[in-house]
Amino acid sequence: QQQVKQSPQSLIVQKGGISIINCAYENTAFDYFPWYQQFPGKGPALLIAIRPDVSEKKEGRFTISFNKSAKQFSLHIMDSQPGDSATYFCAASIITDKLIFGTGTRLQVFP
Amino acid sequence: DARVTQTPRHKVTEMGQEVTMRCQPILGHNTVFWYRQTMMQGLELLAYFRNRAPLDDSGMPKDRFSAEMPDATLATLKIQPSEPRDSAVYFCASVRGHSNQPQHFGDGTRLSIL
């Protein structure tokens, strides 16, 4: 029940395309759903986060779509750029308690 | 720009040796997390503290791992004795507890046990 399932494991997108990463959870007590971006040799850094009282949150080219009834949420990267190439982790937690991370998606954006 | 600082950044040592990793959380953050990242298991929570008191260390092998917060500016993770399977990147993260702020991660300690 504590798991967060993430797909795909890897994603290759052409520059200007849309990258979509999906996550699913079981624990309905989760109330905080962040996405982290990690570059090689660095720690994960918060990209965008959503709480379950809204269905979508947009920040620049990054959008989280949240489906509470399906217990799923996804990250959409519009106009993907080579600089977006990184590993992306979804996560879930209860407020700011311990984060349960997905397994990560390695995104490669080719020019 | 406030950052979580981890030392050392890299550590290579032989099996059986003691390893100590240190973390300086962001000033004012009272909750500190230790995570381990491997290719096989991804990011796993080992332990976390709030106001220097351990809240959950269920992810940590108790026989060889120990985590402490000697004071509010220092968290330590020790492995004794170390084993090759402990090779991983260890991350520390901090947050102001019960706030709407995100966890801030350090850049990790890359540990290799030969």
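Each reported figure results from applying straightforward, stated rules to the coordinates on display, with no laboratory input. As the structure is a prediction and not an experimental result, all values here were calculated from the model. All Cβ positions, even for glycine, are placed from backbone atoms using ideal geometry, and neighbour counts span all protein chains on display.
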With charges set only on the Cβ (+1 for Lys and Arg, -1 for Asp and Glu), what does the dipole of the range A:35-111 come to about its Cα centre, in debye to the nearest 20?
140 debye
Apply the Karplus curve 6.51 cos²θ - 1.76 cosθ + 1.60, θ = phi - 60°, to the phi angles in the range A:31-44 and return the couplings in whole Hz, x for Gly and Pro.
9, 8, 10, x, 10, 10, 10, 10, 9, x, x, 10, x, x
Quick check: net charge around A:Thr63, other residues with Cβ under 14 Å of its Cβ, Lys/Arg +1 and Asp/Glu -1?
-1
For the protein assembly as shown: Kirkwood Rh in Å [reciprocal of mean 1/r, alpha carbons]:
18.1 Å
The protein assembly as shown, dipole about Cα centre (Lys/Arg Cβ +1, Asp/Glu Cβ -1), debye to the nearest 20:
240 debye
Give me the inter-chain shielding for B:35-42: mean count of other chain Cβ atoms within 10 Å, whole number please.
3
Convex hull over the Cα atoms of chain A, averaged projected area in nm²?
6.5 nm²
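Based on the Cβ-Cβ distance from A:Ile12 to B:Arg110, what FRET efficiency comes out when R0 is 30 Å, to the nearest 0.05?
Efficiency, from the Cβ-Cβ distance: 0.65.
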About its Cα centre, the range B:5-113 carries a charge dipole, from +1 on Lys and Arg Cβ atoms and -1 on Asp and Glu Cβ atoms, whose size in debye to the nearest 20 is 220 debye
Between the range B:43-114 and the range A:51-67, how far is it from one alpha carbon centroid to the other, in angstrom?
30 Å
Residues A:Ser55, A:Ser19, A:Ser85, sorted so that the one with the fewest Cβ neighbours within 10 Å comes first:
A:Ser55, A:Ser85, A:Ser19
For peptide A:36-46, what's the mean number of Cβ atoms from other chains within 10 Å of each residue's Cβ?
5
Output needed for the range B:16-114: three equivalent-ellipsoid semi-axes, defined as square roots of 5 times the C-alpha gyration tensor eigenvalues, in descending order, whole Å.
23, 14, 12
